[in-house]
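Notes for the one structure printed next.
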Amino acid sequence: MSSTAEYYAEQLRSADLRVTRPRVAVLEAVYAHPHADTETILDAVRAGLPDVSRQAVYDVLHALTAAGLVRRIQPSGSVARYESRVGDNHHHLVCRTCGTIADVDCAVGEAPCLTASDHNGFEVDEAEVIYWGLCPDCAASQTSRSQP
Ligand SMILES: [Zn+2]
Ligand SMILES: [Zn+2]
């Protein structure tokens, strides 16, 4: 096993998950492609394990997410995306035009990060924030289109 594969195997063991080749391959794909959708992860996994089924990849993603090794985000209008950056309460910038997603650090450094003006009696432990707008590429192409 290569040292990177050993790193992913260690991640699985630390979460009490049995180490299997599909699990290692999916973790590796999520690390290599931040905010990737299931199709991208499936393609990346099949590059190394051509026989793995779509359902197997779905199942592994579910298990990794449940174990906290992978974070699942789903901006409205987007399919589910997966990332390996977990546990730091970071937020996301999403481009309205092309759907590009970028990370943005937690506003104050720790969850819940933002305080609701009225908790309604809930004990809040997380604020999930999505900043919507235009990515630099889309903003630039929009400017150039309006100036013929
Ligand atoms: Zn864009
Ligand atoms: Zn992220």
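Just so you know, all these numbers are worked out from the coordinates, no wet-lab data involved. Predicted, not measured: the structure shown is a model, and the values here were computed from it. Heads up, the Cβs are rebuilt from the backbone with ideal geometry, glycines too, and the neighbour counts pull from every protein chain shown.
Suppose the filter is over 24 Å from Asp16 (Cα atoms) and away from ligand 2 (no atom under 11 Å from the Cβ); does Gly109 pass it?
So Gly109 fits the description; yes.
Being without any contact (Cβ under 8 Å) to a residue 40 or more places away in the chain, more than 28 Å from Val19 (Cβ to Cβ), surrounded by fewer than 12 Cβ atoms within 10 Å (Cβ to Cβ) and of a type in the set (A, V, I, L, M) is true for just one of Ala140, Ala127. Which residue is that?
The conditions single out Ala140.
Please give the number of the condition Ala102 fails out of (1) within 16 Å of ligand 1 (Cβ to nearest atom); (2) at positive phi; (3) surrounded by 12 or more Cβ atoms within 10 Å (Cβ to Cβ).
Every condition holds for Ala102 apart from (2).
Any chance you could count how many residues in segment 111-148 are under 20 Å from Gln74 (Cβ atoms) and either more than 16 Å from ligand 1 (Cβ to nearest atom) or among the acidic types (Asp, Glu) (or both)?
Total meeting the criteria: 9.
If I filter segment 29-47 down to residues being surrounded by 14 or more Cβ atoms within 10 Å (Cβ to Cβ) and over 13 Å from the mean Cα position of the chain (by Cα), which single residue comes out as farthest from Pro75 (Cα to Cα)?
Within segment 29-47, the match that is farthest from Pro75 (Cα to Cα) is Arg46.
Tell me which residues, restricted to segment 85-99, are at negative phi and in contact with a Cys (Cβ under 7 Å, 6 or more places away or on another chain).
Residues satisfying the conditions are Asp88, His90, His91, Cys95, Thr97, Cys98.
Hey, any hits in segment 111-121 for a residue that's among the small types (Gly, Ala, Ser) and in contact (Cβ under 8 Å) with a residue 24 or more places away in the chain?
The answer is no, given that none of the residues of segment 111-121 is among the small types (Gly, Ala, Ser) and in contact (Cβ under 8 Å) with a residue 24 or more places away in the chain.
A quick yes/no check of all residues on (1) of a type in the set (Phe, Trp, Tyr); (2) surrounded by 14 or more Cβ atoms within 10 Å (Cβ to Cβ); (3) over 17 Å from His33 (Cβ atoms):
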residue: Ala63; (1), (2), (3): no, yes, yes
residue: Gly77; (1), (2), (3): no, no, yes
residue: Ser84; (1), (2), (3): no, yes, no
residue: His92; (1), (2), (3): no, yes, no
residue: Arg96; (1), (2), (3): no, no, yes
residue: Cys106; (1), (2), (3): no, yes, yes
residue: Ala111; (1), (2), (3): no, yes, yes
residue: Leu114; (1), (2), (3): no, yes, yes
